[in-house]
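The values are calculated or read from the model by the stated rules, or taken from the named source; none is laboratory data. Just so it is clear, the model here is predicted, and its values are computed rather than measured. Note that we place each Cβ from the backbone using ideal geometry, even for glycine, and neighbour counts take in every protein chain shown.
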Amino acid sequence: MNILVCISKTPDTTSRISFRAGDTEYNPDGITFIMNPYDEWYALVRAIELVEQNGGNVTAINVGPAANDIIIRKALAIGANDAVRIDIDPADAYVTAANIAGHARSKNYDLIMLGKETIDYNGSETGAMIAEMLDLPFVSYASALQVSGNMSTVTRDIEGGVEVCQVEGPFVLSAAKGMAEQRIPNMKGIMMAKTKPLAVEVASVQNPRVKANKYVLPPAKSGVKLISPDNMDELVRLLHEEAKVI
Amino acid sequence: MSVLVYVESPKGHIKKTGNEVVSYGSRLAASLGTQCVALLIGKADDAASCGLYGASKVIHANPSSEAEFDSQSFTALISEVAQKEGADHIILSNTANGKALTGRLAIRLNAGDVTGANALPETSSGFIVSKSVFSGKAVVKYSIETPVKVISVMGNTLQPQASGSPAPVETVDMPLKATKLKVIERKTSEGIVPLPEAELVVSAGRGMKGPENWGIVEELATVLGATTSCSRPVADSGWRPHHEHVGQTGVAIRPNLYIAIGISGAIQHLAGVNNSKVMVAINKDPEAPFFKAADYGVVGDLFEVVPRLTEAIRRLKHS
Ligand SMILES: Cc1cc2nc3c(=O)[nH]c(=O)nc-3n(C[C@H](O)[C@H](O)[C@H](O)COP(=O)(O)OP(=O)(O)OC[C@H]3O[C@@H](n4cnc5c(N)ncnc54)[C@H](O)[C@@H]3O)c2cc1C
């Protein structure tokens with residue numbers, strides 16, 4: 001099986017968020033960047049497991065500048081066989097998806113995998129876009145994947161439960177919790193990653209369709225109002241009369 | 001120019017999220033001086049009711065078919081209807097299916113898109129859609145630069161209000177294109193409001209000590225008419241079903257009221273719940289980080305506080 005895994009770079013969850021250029025840009029200064037956890041823990045690890053079982057190749061792909069090589073090397077250290085970086089800092093999901101689809105179009109991957117969303121913009125749209133560009137089925141929020149020959153069985157999270165589907169032939173999958181367990185790269189993996197191939201390709205699509213115009217911090221909370229544990233009638237009164245939520 | 005709203009009808013019923021997107025679409029249409037058309041695919045019991053929420057017309061495709069969801073065939077159908085209707089604004093729910101459709105439709109229709117919009121677009125100059133990003137730590141305002149726009153709307157963004165009258169329903173036969181994907185099974189819990197659209201949520205964490213203690217949480221939820229959720233370690237230990245797990249790695253919710261019981265308030269937990277309108281924390285540790293995020297707090301032993309809260313709500317309901 002030849003599997004393409006899309007990996008994205010995101011700020012670590014615990015990062016402090018700030019903006020610059022009149023709040024029109026995210027400020028990356030002093031931020032620790034990581035591989036998007038859903039791409040790493042779920043999509044990448046499951047792809048590696050499938051190739052371990054069935055043979056084949058895992059290619060990691062990132063659309064981004066050279067600074068992203070560090071997370072690409074991490075994907076290689078975890079177990080991807082080779083990697084591609086498309087050399088543009090993408091301004092929206094469309095630019096990311098179009099460049100990944102552009103790469104994949106001539107390659108006949110059996111499966112294209114990515115995380116259910118990124119933890120920064122939570123867009124959940126790149127996989128759907130790639131699938132449409134390549135005219136492939138798309139299964140989102142997948143929590144389990146079994147492959148048998150040309151047929152894949154996928155469990156997908158939906159509101160209040162799960163849906164199980166079968167897909168014949170290649171498709172795009174976005175992975176959620178349950179798909180696999182995080183793998184920490186070992187020393188051997190880290191050493192090997194240094195010599196695994198990382199191809200840099202020129203971006204075929206550059207122009208975004210949406211632009212971040214302004215960032216706003218949410219209004220600060222006014223502080224917690226403490227209610228005595230012996231006076232739940234008061235809490236209920238506040239929820240009913242002040243907050244008006246019950 | 002018009003607004004087309006795709007309304008989901010799981011198990012043949014239009015739910016609150018469906019009414020909400022119709023309200024959103026019709027308010028957008030009003031601000032653009034155009035009409036809002038609702039689209040249903042497959043069985044739906046009350047198609048005309050979309051008119052109550054502002055749709056001027058309903059297109060009901062394949063009304064007697066089960067129409068199993070497949071993002072590929074649904075995208076083809078919705079795009080065809082959008083083109084026929086000359087719709088340039090496509091609105092969907094930000095559900096599992098809605099999100100899978102949004103990106104696809106954007107490509108199919110050469111559109112820019114935003115998933116998870118948290119307010120009506122600003123249309124006075126340009127077209128600006130806001131959404132919550134960085135796990136609720138900021139809001140970004142996106143400008144969609146293309147003539148055609150696709151937006152999925154986060155649950156509980158606005159209150160659907162039934163003020164119009166039933167709309168005329170046009171049924172059309174548009175067989176879904178055959179694809180390589182088949183849904184073979186669906187398992188959903190019956191009778192409760194799914195988390196993403198729940199207005200009231202009662203959530204509990206590791207402070208509960210074990211699954212055998214959940215009776216008091218369920219009783220509180222029942223008295224309130226709330227949906228239950230849990231923290232990640234609770235789902236990971238198998239104390240509660242996986243689909244109840246909220247937070248960064250679980251479901252992101254936006255209820256009017258979120259009651260957190262025995263949950264410490266880790267940043268990854270808050271990431272999925274801090275868009276709630278009002279949050280109540282019940283925790284015996286006065287230093288628990290949840291008290292920094294909550295609107296109301298009770299420092300105390302949950303095994304005593306929760307049953308008292310349930311009784312107090314009973315009293316309110318009876319008064
Ligand atoms: C990358 C990443 C992603 C994560 N994603 C998520 C996520 O999506 N959702 C999530 O929830 N977590 C997530 N976590 C885990 C998160 O960091 C916390 O570990 C978790 O939320 C803690 O769960 P908890 O509050 O139930 O348990 P604890 O942190 O153990 O808190 C239990 C609380 O109960 C209180 N308590 C105990 N006994 C009582 C009593 N008798 N009465 C009242 N209070 C009592 C304690 O004071 C304590 O505050 C993630 C972590 C990482 C690293």
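Find the residue count for region A:187-232, including only residues that are at the interface with chain B (Cβ under 7 Å from one of its Cβ atoms) and in contact with a helix residue (DSSP H, G or I) (Cβ under 9 Å, 6 or more places away or on another chain).
Residues that pass the stated criteria total 9.
Quick check on this structure: which one of B:Ala76, B:Ala138, B:Ala100, B:Ala87 is free of Cβ contacts under 8 Å to residues at least 60 places away in the same chain and either more than 7 Å from chain A (Cβ to nearest Cβ) or buried (at least 24 other Cβ atoms within 10 Å of the Cβ) (or both)? Reasoning before the result, please.
Details: B:Ala76 fails: free of Cβ contacts under 8 Å to residues at least 60 places away in the same chain; B:Ala138 fails: either more than 7 Å from chain A (Cβ to nearest Cβ) or buried (at least 24 other Cβ atoms within 10 Å of the Cβ) (or both); B:Ala87 fails: free of Cβ contacts under 8 Å to residues at least 60 places away in the same chain.
Sole residue among the options that is free of Cβ contacts under 8 Å to residues at least 60 places away in the same chain and either more than 7 Å from chain A (Cβ to nearest Cβ) or buried (at least 24 other Cβ atoms within 10 Å of the Cβ) (or both): B:Ala100.
Quick check on my filter: what residues within region A:27-53 are more than 15 Å from the ligand (Cβ to nearest atom) and at pLDDT below 95?
Scanning region A:27-53 gives A:Asn27, A:Pro28, A:Asp29, A:Gly30, A:Ile31.
I'd like the full set of residues that are at the interface with another protein chain (Cβ under 7 Å from one of its Cβ atoms), without any contact (Cβ under 8 Å) to a residue 40 or more places away in the chain, among the hydrophobic types (A, V, I, L, M, F, W, C) and in contact with a helix residue (DSSP H, G or I) (Cβ under 7 Å, 6 or more places away or on another chain), limited to region A:129-169.
Result: A:Met129, A:Met133, A:Phe138, A:Ile158.
Is one or more of the residues making up region A:200-215 at pLDDT below 95 and under 30 Å from B:Ile259 (Cα atoms)?
There is no residue in region A:200-215 that is at pLDDT below 95 and under 30 Å from B:Ile259 (Cα atoms).
From B:Lys182, B:Lys187, which residue is more than 21 Å from B:Asn156 (Cα to Cα), away from the ligand (no atom under 14 Å from the Cβ), at pLDDT below 95 and of a type outside the set (S, T, N, Q)? Full working, then the answer.
On the way: B:Lys182 fails: at pLDDT below 95.
From the options B:Lys182, B:Lys187, the qualifying one is B:Lys187.
If we scan region A:192-215, do we find a residue that is part of a strand (DSSP E or B) and of a type in the set (Val, Ile, Thr)? Full working, then the answer.
Filtering region A:192-215 down to residues part of a strand (DSSP E or B) leaves A:198-201, A:210-215.
Keeping just the survivors that are of a type in the set (Val, Ile, Thr) gives A:200, A:210.
Yes, region A:192-215 contains at least one residue that is part of a strand (DSSP E or B) and of a type in the set (Val, Ile, Thr).
What about B:Glu244, is it among the charged types (D, E, K, R), more than 6 Å from the ligand (Cβ to nearest atom) and within 11 Å of chain A (Cβ to nearest Cβ)? Outline the logic, then answer.
Numbers: among the charged types (D, E, K, R): yes; more than 6 Å from the ligand (Cβ to nearest atom): yes; within 11 Å of chain A (Cβ to nearest Cβ): yes.
So B:Glu244 passes the test.
B:Ile259 is checked against (1) β-branched (Val, Ile, Thr); (2) within 12 Å of the ligand (Cβ to nearest atom); (3) closer than 30 Å to A:Ala175 by Cα and fails just one. What number does that condition carry?
For B:Ile259, the exception is condition (2).
Counting only residues that are small (Gly, Ala, Ser) and modelled with pLDDT of 95 or more, give me the strands (runs of 3 or more DSSP E) lying completely in region B:1-107 with at least 3 of them.
On the way: elements: B:3-6, B:36-41, B:57-61, B:89-93.
Fully inside region B:1-107 and qualifying: nothing.
Only one of (1) at pLDDT below 95; (2) over 16 Å from the mean Cα position of the chain (by Cα) is not met by A:His103, so which one is it?
Only one criterion in (1) at pLDDT below 95; (2) over 16 Å from the mean Cα position of the chain (by Cα) is unmet by A:His103, namely (1).
Mind telling me which of the residues B:Glu197, B:Glu218 ends up being away from chain A (no Cβ under 13 Å) and either hydroxyl-bearing (Ser, Thr, Tyr) or away from the ligand (no atom under 13 Å from the Cβ) (or both)? Reasoning before the result, please.
Numbers: B:Glu197 fails: away from chain A (no Cβ under 13 Å).
Sole residue among the options that is away from chain A (no Cβ under 13 Å) and either hydroxyl-bearing (Ser, Thr, Tyr) or away from the ligand (no atom under 13 Å from the Cβ) (or both): B:Glu218.
Return the total of residues in region A:154-195 being in contact with an Asp or Glu (Cβ under 6 Å, 6 or more places away or on another chain) and of a type in the set (D, E, K, R).
1
Within region B:173-183, identify whether any single residue is assigned by TED's automatic domain parsing to the domain that holds B:Ser73 and not in a loop (DSSP other than H, G, I, E, B), and answer yes or no.
There is no residue in region B:173-183 that is assigned by TED's automatic domain parsing to the domain that holds B:Ser73 and not in a loop (DSSP other than H, G, I, E, B).
Tell me whether region B:108-128 contains one or more residues that are of a type in the set (A, V, I, L, M), free of Cβ contacts under 8 Å to residues at least 24 places away in the same chain, surrounded by 23 or more Cβ atoms within 10 Å (Cβ to Cβ) and not assigned by TED's automatic domain parsing to the domain that holds B:His269.
Filtering region B:108-128 for residues of a type in the set (A, V, I, L, M) gives B:109, B:111, B:114, B:117, B:119-120, B:128.
Going one step further and asking which of them are free of Cβ contacts under 8 Å to residues at least 24 places away in the same chain, we end up with B:128.
Then drop every residue that is not surrounded by 23 or more Cβ atoms within 10 Å (Cβ to Cβ), which leaves none.
No, the conditions are met nowhere in region B:108-128.
Suppose we filter B:Val299, B:Val280, B:Val251 for residues that are under 18 Å from B:Ala198 (Cβ atoms), near the ligand (Cβ under 9 Å from one of its atoms) and among the β-branched types (Val, Ile, Thr); which single one remains?
On the way: B:Val299 fails: under 18 Å from B:Ala198 (Cβ atoms); B:Val280 fails: near the ligand (Cβ under 9 Å from one of its atoms).
Checking each option against the conditions leaves just B:Val251.
Scan region A:29-52 and tell me whether some residue there is in a strand (DSSP E or B) and among the small types (Gly, Ala, Ser). Show your work before the answer.
Residues of region A:29-52 that are in a strand (DSSP E or B), as a first pass: A:33-35.
Applying the additional criterion that residues be among the small types (Gly, Ala, Ser) yields none.
No, the conditions are met nowhere in region A:29-52.
Is there any pair linking a residue in region B:303-316 that is of a type in the set (Asp, Glu) to one that is crowded, with 19+ Cβ neighbours inside 10 Å and part of a helix (DSSP H, G or I), with Cβ under 8 Å and at least six apart or on different chains, and which?
B:Glu311/A:Met232
Pairs only if they're at least six apart or on different chains, beta carbon under 7 angstrom, first in region A:1-21 and assigned to a loop (DSSP other than H, G, I, E, B) and modelled with pLDDT under 95, second among the hydroxyl-bearing types (Ser, Thr, Tyr) and crowded, with 16+ Cβ neighbours inside 10 Å; list them, first residue then second.
Hits for this filter: A:Thr13/B:Ser135.
Every residue, every condition in (1) within 12 Å of chain B (Cβ to nearest Cβ); (2) of a type in the set (D, E, K, R), yes or no:
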site	(1), (2)
A:Arg85	no, yes
A:Ala101	yes, no
A:Asn108	no, no
A:Met113	no, no
A:Asp120	yes, yes
